[in-house]
Amino acid sequence: MVRSFLVLEDGTVFEGVSFGHEGTVIGEIVFTTCMSGYQESITDPGYKGQILVSAFPFIGNYGVNPEYDISGAARIAGLVVREYCKEPSDMYGGRALDGYLKEQKVPGISEIDTRDVVGIIRDKGAMSAAIVYNEKDIDAVRKKFKKFDFGKEGLVDAVSIKNVKRIDNGKGIAVGVIDCGADRRMIADLSEKYDVVVFPYDTNAKDIVAAGVKGLIISGGPGDPEHRDLKGVVRTIKKLSPSMPIAGIALGSQLIAKAFGCGIRKLKFGHHGCNQPVKHKDRVHITSQNHMYTVDPAAMNGTGLIVDLVNVNDGTPEGFSHAALPIFGVQYNPISPKYDEHPYFYERLDEILGVRK
């Protein structure tokens with residue numbers, strides 16, 4: 001066993017055991033409450049640059065299988081667990097987590113009291129952290145915290161596609177997706193009903209209109225919606241909103257809100273996990289989420305946007321619609337239209353596109 005160390009910006013140091021890639025990494029530390037779905041979290045572009053702590057104590061029992069990737073590569077900066085499974089079940093044909101993280105060059109640390117780490121994040125909020133492979137490097141890493149600003153990282157540029165991708169399914173209606181870190185499952189779900197055109201995040205409004213799409217989705221993704229790289233996305237939304245239906249997911253919904261003049265604020269420790277309760281009308285639905293920012297409801301007056309979904313845990317907005325335009329946003333990851341537990345996103349998308357069921 002090789003010792004490694006989890007170092008937090010507040011000065012706390014945890015000693016654990018290294019697995020995965022043997023190296024040191026700095027990122028923003030957050031926790032997820034999922035009992036399963038660790039591969040989806042590891043490959044979620046929304047976690048780009050973050051060190052992910054699993055609140056569930058045992059990770060890796062069903063291995064890693066390409067079928068469950070949502071972006072084709074590991075996106076997290078590092079992984080913190082209580083215990084990882086060295087010999088996963090062969091039921092799903094997955095490989096060991098340790099070997100996968102080595103291949104993806106993602107450091108992991110185990111034998112950590114993750115309950116304690118989660119408690120610190122809940123009390124003090126998300127902060128800079130590092131997984132340090134060599135104890136001698138701890139002091140040098142602490143000095144780097146002073147210069148490290150997660151909000152200034154160009155994370156969307158790192159995960160967005162570089163060229164326009166067309167998926168012609170013969171459906172007759174084309175929907176555009178601005179890729180700020182799109183989940184490939186969402187693209188697959190859209191493809192069952194629409195032709196899909198996926199645009200790099202910095203595509204301008206003129207090129208989107210020329211592509212012939214009937215509506216536009218702004219995908220979820222990592223980082224701060226105030227980042228300078230995303231100013232162009234906000235301008236594109238402003239230009240297209242009077243004439244094109246637009247929907248947003250997580251980061252995408254925040255960018256829509258910015259385009260209409262709403263304020264955005266950072267949450268203390270974000271919403272990460274697959275058990276976030278969201279109230280829509282008279283029902284509460286359990287949703288999967290991964291974001292650090294939310295729309296400030298106090299700054300929505302006069303924007304035309306109306307909150308219609310709310311997080312039961314903290315009362316923050318989970319979705320909004322425009323009072324006059326075919327525009328809406330949600331903070332959570334939409335459930336596939338194959339399932340009917342909470343079909344709000346896809347039903348609403350059909351509605352603003354004028355598609356009959």
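Quick note: the coordinates plus some simple rules give every number you see, no bench work behind them. Nothing here was measured: the structure is a model prediction, and the numbers come from that model. Please note: Cβ atoms are built from the backbone with ideal geometry, for glycine as well, and neighbour counts cover all protein chains shown.
The table below gives the values:
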| read-out | value |
| --- | --- |
| Candidate lysines for bridging to Lys165, where Cα separation is under 19 Å - those fewer than 8 sequence places away on the same chain excluded | Lys193, Lys206, Lys214 |
| Dipole in debye (nearest 20) - the chain, about Cα centre, beta carbon charges: Lys, Arg +1; Asp, Glu -1 | 1060 |
| Rounded FRET efficiency, nearest 0.05, which uses the C-beta distance separating Glu67 from Ala324 and R0 of 30 Å | 0.10 |
| Gaussian network model of the chain, Cα within-10 Å springs - most flexible of Gly78, Gly119, Gly172 | Gly172 |
| Inter-site label distance for Asp202 and Lys102 at 7 Å from Cα along Cβ, in nm | 3.7 |
| Under 5 Å, built H, 5+ apart or other chain: amide partners of Asp179 | Phe199, Tyr201 |
| Karplus-derived HN-Hα couplings along the stretch 312-318 (A = 6.51, B = -1.76, C = 1.60, θ = phi - 60°), whole Hz, x at Gly and Pro | 5, 5, 10, x, 6, x, 10 |
| Selection of GluC sites (Glu not before Pro), the stretch 20-120, meeting DSSP coil and at most 15 other Cβ within 10 Å | Glu22 |
| Projected-area average for the stretch 155-353 over all orientations - Cα convex hull basis, square nanometres | 10.2 |
| Cβ-defined net charge surrounding Pro88, 11 Å radius [Lys, Arg +1; Asp, Glu -1] | -1 |
| Partner aspartates and glutamates for Lys171 [C-alpha distance under 16 Å; skip if fewer than 8 residues away on the same chain] | Asp189, Glu192, Asp195, Asp350 |
| Cut-off under 5 Å, modelled amide H: who pairs with Tyr293 long-range | Leu267 |
| Ellipsoid equivalent to the stretch 169-222 - semi-axes via the Cα gyration tensor, in Å | 17, 16, 6 |
| Top of Asn333, Asn65, Asn311 by mean-square fluctuation, Gaussian network on the chain, Cα under 10 Å | Asn65 |
| Additional length obtainable on full extension of the chain from Arg235 to Asn163, 0.36 nm per residue less Cα span | 23.9 nm |
| Estimated 222 nm signal from helices in the chain, with DSSP H stretches of n ≥ 4 weighted -39500 (n - 2.57), rounded to 500 | -6000 deg cm²/dmol |
| Estimated FRET transfer efficiency (Lys146, Phe58; beta-carbon r; R0 41 Å; 0.05) | 0.70 |
| Centre separation in Å (Cα based) which lies between the stretch 52-124 and the stretch 149-195 | 26 |
| Residue of Ala259, Ala323, Ala158 that the Gaussian network model of the chain assigns the largest fluctuation, springs spanning Cα pairs under 10 Å | Ala323 |
| Rounded FRET efficiency, nearest 0.05, which uses the C-beta distance separating Leu353 from Lys86 and R0 of 45 Å | 0.40 |
| Under Karplus coefficients 6.51, -1.76 and 1.60, residue-wise ³J(HN,Hα) of the stretch 20-25 in Hz, glycine/proline x | x, 5, 8, x, 10, 9 |
| Within the stretch 18-105, trypsin sites (Lys or Arg not before Pro) in DSSP loop having at most 16 other beta-carbon neighbours inside 10 Å | Lys86, Lys105 |
| Given charges at Cβ of Lys, Arg, Asp, Glu: the stretch 155-353 dipole, positive-most of Asn313, Thr287, Gly270 | Gly270 |
| When the chain is reduced to its Cα atoms, the Kirkwood hydrodynamic radius in Å | 20.8 |
| Compactness relative to 2.2 N^0.38 Å, alpha carbon Rg of the stretch 90-219 | 1.50 |
| Directionally averaged shadow of the stretch 3-148, computed from the convex hull of its alpha-carbon atoms, nm² | 7.7 |
| Highest-first arrangement of 295-305, 198-208, where packing means the average Cβ count within 10 Å | 198-208, 295-305 |
| Total lysine pairs under 30 Å (Cα atoms) in the stretch 219-357, excluding pairs fewer than 8 apart on one chain | 26 |
| Inter-site label distance for Val2 and Lys136 at 7 Å from Cα along Cβ, in nm | 1.5 |
| Sequence-distant residues sharing a close amide H with Leu79 (under 5 Å, placed H) | Leu52, Gly108, Ile109 |
| Under 19 Å from the Cα of Lys152 - aspartates and glutamates, other chains or at least 8 residues apart | Glu9, Glu28, Asp202, Asp224, Glu226, Asp229 |
| Only Lys, Arg (+1) and Asp, Glu (-1) charged, at Cβ; the stretch 256-321 dipole about Cα centre in debye | 120 |
| Net charge dipole size for the stretch 3-148 [Lys, Arg +1 and Asp, Glu -1 on Cβ; Debye, nearest 20] | 540 |
